[in-house]
Amino acid sequence: MQLVRKPRYDTDFIFDLESAGGRGISEALGLAGFTNLDVVRNPSLGSTPYVARVQLRTTIGFTDKMVAAQRTPYSLATQTPVRRIELRVGRMSMPDAFDNNSVGTDSHLQFLNWTADNNGAWDYAADTRGYSYAVVAEYTDHDWQARYAIALMPTIANGIDLDWSLRRASGQNYEVDWNNGPVSHWLKDKKGAVRVMGFTNHADMGLYRNANRAALQARALGDASATPDITAHPRQITVKYGFGANVEQELGHNLRAYGRFGWNEGQHESYAYTEVDQTFAGGMDLAGNGWNRANDKVGLTLISNAIKRDHQQYLALGGIGFILGDGRLNYSREDILESYYNMHNWRGLFTAFDVQLIAHPGYNNDRGPVAVFTVRTHVDF
């Protein structure tokens, strides 16, 4: 709903009610790069409708010069100032504002894998459904943008309840975008973008090294079955941080490429998104103009995920995370190849066929390879 329609000071109210259920393959366990971004990781929550987003978004323009803006689910303005600040406050998902990429972000029409659509090493603030309460500030000036957000963290890893004390726990995010840089000009003004982001989380997180040490000491004292428990520590607020980058670039009229890199320090507990400490992803999509199907699209991506040494030892000693842990680990990187064909049926109706080939699921060289085939239907109203 547009509360203020003046382009220089437009204000929107956004309300989004969702229903999402289902258990996913293996109860959504055993894969760091899980095969469906829309799966709820806690199947006991059921599919009862819930509030996903409720927020105010306002623009403060610094010039009367306007540019055309495309309406999105999070912004209703059709014109916006060239130089402006945008403020959002309320319930949202951090990927609504950060780490966006026009080739690899939309799980409804593009790739499905968690680590294809988002940066797997970005442990962004969220409850188990993927949402939090946050304040986001973004400054835009011609071909670049900078944004900052502070959001509530869950009280426990992958928990549904949020910690409402920002003095005690918070997730802070930072990102800078550059649009149409030197690569775009070298490719005869083809559109492109480069984004660099960072995050700092304060929460009640355990240390893998401490959990491993406690288990090894118990074994040395005669408890041969002792396993590390990352949650077995007195309440403490620790800090986890990381950074990432993503790029996208038009290569031709119908062909686009993208890439992502992510890293976090990996010593503290994976807490909110997934168990990835380092990730590389790259791929492309091709529109169907060449075979007279302009609204069809085919995509291909390759992803490689990793975890740090303390995290590896934790799983090898029998530790359990909120996604991974089968009692043993013969470590190897988790490599994923995904491809889809998204077919436009009629008006807003699309059907997609997707295949994912996963080597070393959950970083275990003794597991896999696994092939996952998916048929997806999406309707835009």
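Coordinate-derived values only; no laboratory data. None of these values were measured; they are calculated from a predicted model. FYI the Cβ positions are ideal-geometry reconstructions off the backbone, even for glycines, and counts take in every protein chain you see.
Looking at [x] 1.10; [y] 1.94; [z] 1.02, which value of Cα Rg over 2.2 N^0.38 Å comes from a calculation on the structure shown?
So the structure-derived entry is [z].
Report, by chain and number, residues whose modeled amide H sits under 5 Å from the one on residue 33, excluding near sequence neighbours (fewer than 5 apart, same chain).
Under 5 Å from the amide H of residue 33 lie the amide H atoms of 362, each far enough along the sequence or on another chain.
If I model region 264-334 as equal point scatterers sitting on the Cα atoms and use the Debye formula, what is log10 I(q)/I(0) at q = 0.14, 0.22, 0.23, 0.26 Å⁻¹?
-0.56, -0.93, -0.99, -1.17
To one decimal place, what orientation-averaged projected area in nm² is obtained for the convex hull of the Cα set of region 1-138?
Computing the convex hull of the Cα atoms and averaging its projections yields 8.7 nm².
Within a 10 angstrom radius of the beta carbon, how do 25, 358 rank from fewest other beta carbons to most? Mind dumping the intermediate values first?
On the way: 25 15, 358 24.
Least crowded to most crowded, the residues run 25, 358.
Between residue 330 and residue 129, what is 0.36 nm times their sequence separation minus the Cα-Cα distance? Round to one decimal in nm. Please list the in-between numbers first.
Values: separation 201, 0.36 × 201 = 72.36 nm, distance 3.06 nm.
Difference between extended and current length: 69.3 nm.
Given labels modelled 7 Å from the Cα in the Cβ direction, how far is it in nm from residue 233 to residue 351?
Placing both labels 7 Å along Cα→Cβ, they lie 5.1 nm apart.
Give a residue-ordered list of calculated ³J(HN,Hα) values for region 221-235 (Karplus: 6.51 cos²θ - 1.76 cosθ + 1.60, θ = phi - 60°; whole Hz; x for Gly, Pro).
Couplings: 8, x, 8, 5, 9, 5, 10, x, 10, 5, 8, 8, 7, x, 4 Hz.
Compute the FRET efficiency between residue 378 and residue 166 as 1/(1 + (r/R0)^6), taking r as their Cβ-Cβ distance and R0 = 35 Å, and round to the nearest 0.05.
Values: r = 36 Å, r/R0 = 1.04.
FRET efficiency, residue 378 to residue 166: 0.45.
Lys pairs in the chain, Cα-Cα under 27 Å, at least 8 apart or on separate chains: how many?
Values: 6/65; 65/188; 65/190; 65/191; 188/297; 190/297; 191/297; 240/308.
Final tally of qualifying lysine pairs is 8.
When the Kirkwood hydrodynamic radius is evaluated over all pairs of different C-alpha atoms of region 103-260, what value in angstrom, to one decimal, is obtained?
The Cα-based Kirkwood calculation yields 18.5 Å.
How big is the Cα convex hull of region 61-158 in projection, averaged over all directions, in nm²?
Values: hull surface 28.2 nm².
Spelled out: convex hull of the Cα atoms, projected over all directions, averaged, 7.1 nm².
Rank the residues 19, 339 as a footprinting-exposure proxy: fewest other Cβ atoms within 10 Å of their Cβ go first.
On the way: 19 10, 339 16.
Ranked by crowding around the Cβ, least crowded first: 19, 339.
Over region 2-379, what relative contact order in percent results from Cα pairs under 8 Å that are six or more residues apart? All intermediate terms of the calculation are to be shown ahead of the outcome.
Details: 1020 pairs, mean separation 50.3, N = 378.
13 percent.
With just the Cα atoms defining each centre, how far is region 1-65 from region 211-251? Give it in Å.
A separation of 29 Å, based on Cα centres.
What is the P(r) of region 209-317, as percent of Cα-Cα pairs per 5 Å bin from 0?
2, 10, 15, 14, 12, 10, 9, 7, 6, 5, 4, 3, 1, 0, 0
Connecting C-alpha atoms closer than 10 Å in a GNM of the chain, tell me which of 112, 29, 17 has the biggest fluctuation.
The residue with the greatest mean-square fluctuation here is 17.
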